[in-house]
Every structure is written in C-alpha cells, then in structure tokens.
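Quick notes on the structure that follows.
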Amino acid sequence: MQQQRKPMPVGVEDFKRLVADGYYFVDKTRFIKELMDNKGIVTLITRPRRFGKTLTLSMLKYFFDIEDAAENRQLFEGLDIDRAGVACMGEQGTRPVVFLTLKEVCAGSQAVMMELFRRTLQGLYQSYAYLLSSERLTEEDKKYFRHVTELSGNEAELRLSLLSLMQWLEKHHGKKPVLLLDEYDAPILSAWEEGYYKECIDFMRGMLGSALKTNSSLAFAVLTGVTRISKESIFSGLNNLKVCGVLSDIYADTFGFTQQETARLMEDCGVGDSLPEMKQWYDGYRFGQVEIYNPWSVINFVSNGCKFQPYWLNVSGNSILHVLLEQVDSDRRCELEGLMQGIPVEASIDEGIIHADIHDSSNALYMMMLTTGYLKAVETYWDPKGEELPYCKLLIPNREIRMIYQKEILGWLATRSDTIQLRRMLRAMVSGDAGTFQDRLQKILAGVVSYHDAAGNPENFYHGLMLGLSVLVHGSYRVESNRESGYGRFDIAFFPQKENAPGVVLELKAAKSTEELEEKARAALAQIEEKAYGAEFERQGVREIWKYGIAFCGKKVWLESAQDCQKNEP
C-alpha cells in the first residue's frame, strides 16, 4: 500500500483552506456552471448530513465574491470551471456575497434561539463593517447597522436583517448580491424537538420571506438543509423557489462522490485494491438517478488507515424519527425489520411535509429516513400528470448504514416497545379517540395488573396506576390529582402546557364485577358533569376538554367519554 499523496480534508469546510493548504480535492466546480445555466432565483438543495453542503456553498462564496476577487481567482485555476470557458470565469468575483450558516442556531427555548440569532447576525454584519464608511448609505442605514452589531436590534430589525444587508451591499457596490444560506432548517428542527416550532417558523418566515420573496436587491440565492420545510409553512408566496431534493435529478452528482470520483481518489491514494469492499460499505446512496458514495465515510476511511467501520453519524431529525417510531404498528415494525434482510418497502414520499402535521402522515417515517440518509430510493415512480406524490421502493444503502440502522432504529425500537404502547394510549386520550384509549389501556392492564393488586383498596390502586402511566405526558401537560374544581375534587386532570391544546379529566371507579363496568363508567362520566370538574380548565383558558369516566374490575376496563368545547369570544 502506498502512502497517500495528499491529506484527506476531514472536517475541512472552507474551500479556500482546502485548496490552498493542499488537501485532496474532488473537483465539484462544474456545479457553478450548472447553477448559472439553470438561472434559478432561489434554489433549495436538501441532502443528509456530512455530504459536503457547507463546503459547496463556501466554494460558491469564493467564486462570486467581489471582495478579494483577484486572490480568489487563483483558487479555481485549472479546475473544471476554469476549463468551462471565458463566459463562466467572467462571472468570477463580480458580486457581493452574503454567506450565513445556521447549523449552530439550535436551542432548548425560543429565548435562547433568538439570542443565538442576534449573535450570529452580529458576526455576519461585522464582516461588512466597511459599509459604515460608505457614502452611499444613509445615517439611518448606519444606525440600523450598529443596532445589529451592538446586539441592540429589536425583533423587527432582526427579521429584516438579511434584506437590509443586501440592500446596503447593492447600494455600495452597485451590484445585486448573492445569498448563500447553509443548514437553513437547523433552527426549525431544533424548535420542533423542543416545543417552540410555531414561534420559530414565524420568525424564519419573516426573515427568509423578506430576503427571498420581496427583495429586489437579490441576484440569486442557494439554500441547503437536511429537510424541505413545506413551502406553505415557511416559503409562502415564494413562486421562484426551485427545490432539489434527494429524488431530483438536478445537481444529483454535486454532493457526495460519484463512482468515477471515488475510484480515482482510491487510485491517487494507492489503495485502489480496497475499492470493491469500499463499495459494499459506503456506496449505495441514490440522488435522482445517480449512485453516490458517502464522502464523509470515504475520506475518513482513507484518513484512518483504510479501516472499514461506520464513520457516518446522523444528528439531524433523530428526535423526529423517534417520535415517528413510537407510532409504528406491528405491520410497520415487520417492514422495518425486513429492511435489515434486504426486503424493500414501498411508500409515497412527500418531501415538503409540514412538521407540525407530521403525525398525520402515514408515510412520514419513511420520508424522514430517506431524507436523513437511512434509506435510499432504488426505484421512483412519478405521476405523469403531477397529481400524485412520487412512489418509491426503499432499501438500506450499504453495510455502514445497516450497522447504524440496527443500533439506532431497531435497537431503539426494541427498547421502547412498552413505551410505544403507552404513548399511543396517551395520544389517543388527549385526541379524544376513546376506542383506541380503551383498547390500549386494556392491553396494558392485561400485561401488568394482577388480580391480587387491587384487592385492598381498588380505587386507590387504579388511581395510582393511571398517575404512573401519565408520566410520559410531562412537559406537554401538567398532571394534577385530587384537586378541587367546580363542586368537588376530580381524580386526575391533564392541563395543557401549549396554547389551544385540549385538556383531559378522568374520573375513576372500581366495579365489583365485569357486569357493573359499563354502569360504573357512565356514573363516573355523569359525576364529571354534575360536579363541574371542567371549571378549572375554563378558568385557565382551556377551550376544549375531553372527559372520561373509567371503570375497572381486575384486568378489565370500560370507558365512557364526552367532549366539552367552549366557543372563542368575539
């Protein structure tokens, strides 16, 4: 085995550093010509993590940026874009460029997220400090500029920060700027996981909408991310958006290494004899009709002495995957296990699903597994009329992902099987699905309750059991027991932590025989109404309340339900 000629660019995401410091470089500059030829105003490209999105946007920055144009031109000498002709290189160094990455804007609360945005935008503005000396900017412009750099800008100024910066750059340079936005969905995925999705979407819609939709100063924009946030939820009214997801043929070979690129890299590094086994480990992704190697895994393989092991780790969308895995039924579980045996699954893929509605999509799990890199589409069927979603046959891409899949997907699913059943029961309870609530509760009772458990004080036993089962709603609901409301004390109540979510009140009874179950359950529900247990919900502004009378007898349960909805005041 020969010594590799150049160091592998593990973790190097700056194009200038990669080229100038002599790292091995797989030439992707043809993407620049393709981008100019397609003349897209706003292009969104989604790919899994570690497929070179940041490096590619960095390459665009150094090519188009009007700052240090002559110095940057040297980076492209002899590359594909240089050989593409004078017309292409004539665009080099001709425009101001705004390059912003949001990959670190991830937080546990909206307040922290906004602080991260303030500091991220502060850093961006500071790189254009020369604008404060520009004679073409007004004093009001410069005052706004200082607000952002001094962290004193209000939320409205932050929402318009990208628009304003591009307008000032056009004023100063006389050229419309290019906007490059990396990992645009990182804050949104974080907000979804932490429970402030709506607030984040509202802010992002304002910031990106003004920068992309109503911005006459924009030359063009390229955005990258792992997922496509629905046009209706964040890019509303943006008619010039071109989306290039994992199923699209456009720019299919730009991110990741093609067969030819990987073979050449291996030969250049003197390890060409490892290519057949490498193909089994790290090949197999499919973007559009192009088969792609995972670039992160390939360069780590060479950098680590050609040791075959999993190098890729997906950190985007895992929380969403876990939530979706909690919803799988026995048939879906068999499909997930069958993937390990090479048995494909077929599903409709909606890459533009609204995250807030992800629970309502039967194929959302496979959509997320495809876009985040756990699965590949070996066949895609498109409706020629464009009226139906694409239908895909899906498989695990390669040996590396099969090992990760077994640990992260099947392993997590196996350890959470009991929790999954419980979450389904609680989700049915808060959504008013009384049939599923009773069915799941019955199965839990059959599995965990002994006839001797409730012998002493049955109502206290079942009360404690239901309180224990409610632990998984903490964070979404405040659970209270035996508290006064109306004209009495309810047994258990669930007060929502989120606005417009429904409340739940439970009244529990113990029956002496299974023949009494239905009567006891009806009596429990009548008690909720008679004692006005919904009063405390109404006082706290909860407009929708699900009321359940539940009767138990040993391992058997009967449930009666009613809904109480308060109309909003005009």
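Within the range 327-350, track down each residue that is touching a residue at least 60 places away in the same chain (Cβ under 8 Å) and within 11 Å of C392 (Cβ to Cβ).
The answer is I349, and nothing else.
Of all residues in the range 37-59, count the ones that are out of contact with any Leu (no Cβ under 6 Å at 6 or more places or on another chain) and of a type in the set (A, V, I, L, M).
The total comes to 4.
Residue-wise test of (1) aromatic (F, W, Y); (2) in a helix (DSSP H, G or I); (3) surrounded by 19 or more Cβ atoms within 10 Å (Cβ to Cβ).
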{"site": "F31", "(1), (2), (3)": "yes, yes, yes"}
{"site": "M36", "(1), (2), (3)": "no, yes, no"}
{"site": "L44", "(1), (2), (3)": "no, no, yes"}
{"site": "L55", "(1), (2), (3)": "no, yes, yes"}
{"site": "M59", "(1), (2), (3)": "no, yes, yes"}
{"site": "F63", "(1), (2), (3)": "yes, yes, yes"}
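Residues G123, G195, G153: which one is of a type outside the set (D, E), without any contact (Cβ under 8 Å) to a residue 12 or more places away in the chain and assigned by TED's automatic domain parsing to the domain that holds D65?
G123
Out of E569, E515, E499, E538, report the one residue that is farther than 21 Å from Q438 by Cα and either modelled with pLDDT of 95 or more or part of a helix (DSSP H, G or I) (or both).
When all the criteria are applied, what remains is E538.
Of the residues A524, A501, which single one is among the hydrophobic types (A, V, I, L, M, F, W, C) and without any contact (Cβ under 8 Å) to a residue 40 or more places away in the chain?
A524
Working carefully through the options R30, R73, R50, find the one that is modelled with pLDDT of 95 or more and closer than 23 Å to L223 by Cα.
R30
If I filter the range 12-29 down to residues being among the charged types (D, E, K, R) and in a helix (DSSP H, G or I), which single residue comes out as farthest from V97 (Cα to Cα)?
R17
Scan the range 384-396 and report the pairs whose first residue is in a loop (DSSP other than H, G, I, E, B) and whose second residue is β-branched (V, I, T) and surrounded by fewer than 20 Cβ atoms within 10 Å (Cβ to Cβ), with Cβ atoms within less than 8 Å and a gap of 6+ or a chain change.
Cβ pairs passing all conditions: P390/T380.
For I528, state whether it is in a strand (DSSP E or B), surrounded by 16 or more Cβ atoms within 10 Å (Cβ to Cβ) and assigned by TED's automatic domain parsing to the domain that holds F437.
no
Return yes or no: is I492 in the same structural domain as S561 (by TED's automatic domain parsing), β-branched (V, I, T), closer than 29 Å to W192 by Cα and surrounded by 15 or more Cβ atoms within 10 Å (Cβ to Cβ)?
Here the answer is yes, as I492 does meet what is asked.
Pairs only if they're at least six apart or on different chains, beta carbon under 8 angstrom, first in the range 25-38 and farther than 15 Å from G256 by Cβ, second of a type in the set (S, T, Y) and not in a loop (DSSP other than H, G, I, E, B); list them, first residue then second.
Matching pairs, first to second residue: L35/T43.
The values are calculated or read from the model by the stated rules, or taken from the named source; none is laboratory data. None of these values were measured; they are calculated from a predicted model. For neighbour counting, all protein chains shown are included, and Cβ atoms are generated from backbone atoms with ideal geometry for every residue, glycine included.
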